[in-house]
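The block underneath contains the structure these notes are about, expressed in structure tokens.
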Amino acid sequence: MTQTRPREFDVLANSGWLVETPAAFRDAVLDRCLVRRCRRGDALYRAGDPPGGLYGLIEGGVGVELSPGD
């Protein structure tokens, strides 16, 4: 059974660094992707969270907040 990929994957497959990779690699990356929709202020990752992989931004922006460590 063939699954249809979300249309957001077209953006990732046809722009940025991923478009410069071989098709087999690009497909392997996209096969492991999940679409996650966030609102302003939502956290994608927090210090101390387990590693979570790569993120591809389709629309909007990302802010980074850092605080001094102990």
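The values are calculated or read from the model by the stated rules, or taken from the named source; none is laboratory data. Please read these numbers as outputs of a predicted model, since none were measured by experiment. Cβ atoms come from the backbone with ideal geometry, glycine included; neighbour counts cover every protein chain shown. Heavy atoms of the whole protein, side chains included, go into the accessibility calculation; ligands, DNA and RNA do not. Shrake-Rupley method; radii C 1.70, N 1.55, O 1.52, S 1.80 Å.
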So which pairs qualify, if the first residue must be in the range 8-33 and closer than 12 Å to Leu57 by Cα, the second must be open to solvent by less than 40 Å² (accessible area, probe 1.4 Å), the Cβ gap must be under 6 Å, and the two must be at least 6 apart or on different chains?
Phe9/Leu30; Leu12/Leu18
Look through the range 20-42, keep the residues that are in contact with a helix residue (DSSP H, G or I) (Cβ under 7 Å, 6 or more places away or on another chain) and among the β-branched types (Val, Ile, Thr), and return whichever of them is least open to solvent (accessible area, probe 1.4 Å).
Val29
Residues in the range 48-55: is at least one closer than 16 Å to Gly16 by Cα and assigned to a loop (DSSP other than H, G, I, E, B)?
yes
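Tell me yes or no: at least one residue of the range 44-51 is exposed (fewer than 10 other Cβ atoms within 10 Å of the Cβ) and among the small types (Gly, Ala, Ser).
In the first step, residues of the range 44-51 are kept if they are exposed (fewer than 10 other Cβ atoms within 10 Å of the Cβ); the result is 46-51.
When the remaining residues are screened for being among the small types (Gly, Ala, Ser), the result is 47-48.
Yes: one or more hits.
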